[in-house]
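The values are calculated or read from the model by the stated rules, or taken from the named source; none is laboratory data. Because the structure is predicted, anything quoted here is derived from the model rather than measured. Quick reminder, even Gly has a Cβ in these numbers, built from the backbone with ideal geometry, and neighbours come from all protein chains shown. Surface areas here come from the heavy atoms of the whole protein model, side chains and all, with no ligands, DNA or RNA. Shrake-Rupley method; radii C 1.70, N 1.55, O 1.52, S 1.80 Å.
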Amino acid sequence: MDKPRQKPPATALSPATIDMIGEDLLFNIFSKLPAVECAAAACVSRSWNATITRLLSLPKLSSAVSLDPSLQPWAILPPETTLMPRQKFYIEPVAVNDVIDKVLACPIRPQFVIASIGPAFDLDEAHRLIAGRFGSQIPVITSISQGIFGQNATTNEFEEVQWDTFDEEEEAHADLGNEIHGALLTVGFLPGLAIDLIPLSKTRGNQVLMIDDLVLSVRERSSSRSGSASPVGILLFSDEDTDIKLVLEKFDYAFSAETVIVGDGGSQFLYRGETAINPSNNKAASSAAVALLFSRDRGKPPGVGETQFHVMLSTGISSIGPTYKAVSVRERSSDYSTWLTAKREAVHGSLDGQTILDQIYDELGGHNNCPVLYVGVTKRRKCSIGQEKPSWISTHEFHEVLRGTVVQEVYMVLGENRESSSPKGDEEYLYVHGVGIRSGDSFRFYHASSDLARASCNTVANNFRHLKQLLNYERDDHTNSNSVAMQKKPVFGGIMFACCGRGKLFFGEPYVDGSPFLENFSGVTFSGTYCTGEIARADLSSYEQGSQEHSSIRCNFHVFSTVYLVMSYTPPSPQH
């Protein structure tokens with residue numbers, strides 16, 4: 001009798017998992033997760049870790065603005081309340097938490113953090129709150145700015161806010177209002193770059209800046225990171241009382257022309273880095289400036305592309321009148337100013353300050369048509385780093401023209417006998433802010449011009465359009481004789497440093513400063529601050545046309561300008 005045929009054993013089916021949907025779909029899912037949840041998902045499996053590592057290796061700049069008047073979610077109740085001692089109540093929403101939650105709402109591997117807050121907020125407290133949300137090895141710089149520009153954390157609309165930092169005895173400007181609160185946070189990951197923070201120290205007594213030490217430290221750190229003494233870029237933030245022009249002069253001299261240098265030349269700031277921590281905004285203990293250093297990373301993992309920086313400058317001042325030459329120069333340390341007499345080139349005899357100013361006012365149509373005047377002074381000086389042999393350099397620096405003082409004070413400061421000096425009156429001298437002018441230096445007058453600034457913004461917009469064409473070009477990839485590959489270098493972010501004198505009040509409408517970037521790179525992260533001194537490497541040809549000699553005269557600290565730092569990314573070469 002035949003035995004009944006036995007059924008073959010059933011084959012066990014593998015359990016369905018999310019990995020079966022494919023790596024590309026997983027990649028898209030992970031890209032929607034907040035940063036913290038994405039980091040947690042990377043610990044689930046090797047395949048997820050590999051996918052998320054690829055996601056986090058892409059370039060990223062994330063930024064957000066909050067105009068909420070409260071700084072933190074908890075506040076101590078007044079002592080006269082009947083609640084329990086030190087009981088707290090909740091304030092919602094809050095500026096710092098708003099911007100942090102927004103920038104971390106998508107996957108990012110933070111390499112650096114830059115925050116700007118309104119003058120109504122406490123700098124120490126804001127810096128502590130922000131730095132506490134990021135790893136101790138991530139450089140963090142927090143500053144008080146004159147205004148902010150960026151995408152609102154709640155509405156996703158762009159906001160341009162300038163704070164009216166008026167004196168108590170003055171009235172706030174009607175178009176700016178009394179609100180001086182808000183926060184801007186920018187967090188970035190730049191593939192192919194290593195980032196360090198290096199402060200500029202002062203000697204004991206805070207009298208002498210250790211500029212050479214800063215330059216040598218930057219060279220050493222860049223060399224260890226990339227093999228080159230010149231970094232890719234430097235973001236520089238200086239104290240409001242620091243003459244950053246001295247630093248910029250040596251930076252421009254010491255580093256190659258390819259090194260991008262931009263920043264804010266006058267603000268209160270705090271910082272934290274892996275090896276450099278500035279714990280307090282006490283000026284006696286703080287640094288004069290801090291440099292955020294971007295070096296090419298020769299230790300980057302395979303399959304990672306390169307980040308590039310591009311800088312554009314919109315000027316906002318126009319030269320007027322002839323060229324003068326300084327004759328008698330006296331520096332006044334008490335208020336960091338200079339008194340000088342001058343003469344016109346090719347004309348004999350010195351001119352008193354009031355005569356010079358009257359000529360400039362006449363060209364401008366009267367005193368009322370010139371709210372701000374500057375002299376742009378061309379200086380030829382020797383420059384060196386450490387024990388290196390010095391070389392001659394030429395720079396162009398702007399000094400604001402000051403008015404309404406009594407010249408007799410100068411003689412007292414200089415230790416002269418006021419009665420025997422017999423000063424002729426304050427019209428004898430031209431009184432300008434800053435020092436460093438010498439007899440024989442040539443200078444011209446400049447005045448702020450909204451028409452010129454608007455035209456300059458249009459030029460920057462055209463340059464951005466040209467940049468887009470350069471970054472999206474066709475090239476033969478040599479894989480075969482008939483194929484042409486599109487090598488795209490996408491722009492993924494931008495940062496703006498604009499003069500606090502520009503903006504809505506200057507142009508008569510908002511968003512003019514930000515429009516060149518927004519028109520060309522829609523949907524790309526863009527943020528900025530309004531400051532009291534804009535840093536960017538340039539030359540005199542940015543202000544004076546027609547002479548090739550101007551291109552050799554360096555100008556790195558600007559007034560009434562807007563500096564644009566644009567970041568693009570070159571993907572790694574495809575593997576064949």
Could you calculate the contour length gain from SER573 to ALA105, that is, 0.36 nm times the residue separation minus the distance between their Cα atoms, to one decimal place in nm? 165.5 nm
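Between SER328 and ARG128, take the C-beta separation as r, use R0 = 41 Å, and let me know the FRET efficiency to the nearest 0.05. All intermediate terms of the calculation are to be shown ahead of the outcome.
On the way: r = 50 Å, r/R0 = 1.23.
Given R0 = 41 Å and the Cβ-Cβ separation, E is 0.20.
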Derived scalar couplings ³J(HN,Hα) [region 430-441; Karplus, 6.51 cos²θ - 1.76 cosθ + 1.60; whole Hz; x for Gly, Pro]: 9, 10, 10, 7, x, 10, x, 8, 10, 4, x, 5
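Which of the peptides 551-562, 119-130 is most tightly packed, and how do the rest follow, going by the mean number of other Cβ atoms within 10 Å of each residue?
By packing density, highest mean first, the sequence is 551-562, 119-130.
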Fraction of accessible area attributable to carbon and sulfur, region 338-388 (%, probe 1.4 Å): 44 percent
Can you give the direction-averaged projected area of the convex hull of the alpha-carbon atoms in region 129-168, in nm²? 4.5 nm²
Gain in length, SER551 to LYS343, computed as 0.36 nm per residue apart minus the alpha-carbon separation, to one decimal in nm? 72.4 nm
Output ³J(HN,Hα) for region 288-300: one whole-Hz value per residue in order, computed from phi by the Karplus curve 6.51 cos²θ - 1.76 cosθ + 1.60 with θ = phi - 60°, and x for Gly and Pro. 7, 7, 9, 10, 9, 9, 10, 10, 5, 9, 6, x, 5
Give me, ordered by chain and number, the residues 5 or more places off LEU402 or on other chains with an amide H under 5 Å from its own placed amide H. TYR431, VAL432, HIS433
Among LYS343/LYS382; LYS250/LYS300; LYS325/LYS382; LYS202/LYS250, the pairs whose Cα-Cα distance exceeds 28 Å are LYS250/LYS300
Virtual spin-label span in nm between VAL44 and SER391, 7 Å along Cα→Cβ: 5.7 nm
Please report, in debye to the nearest 20, how large the charge dipole of region 204-269 is about its Cα centre when each Lys and Arg carries +1 at its beta carbon and each Asp and Glu carries -1 there. 300 debye
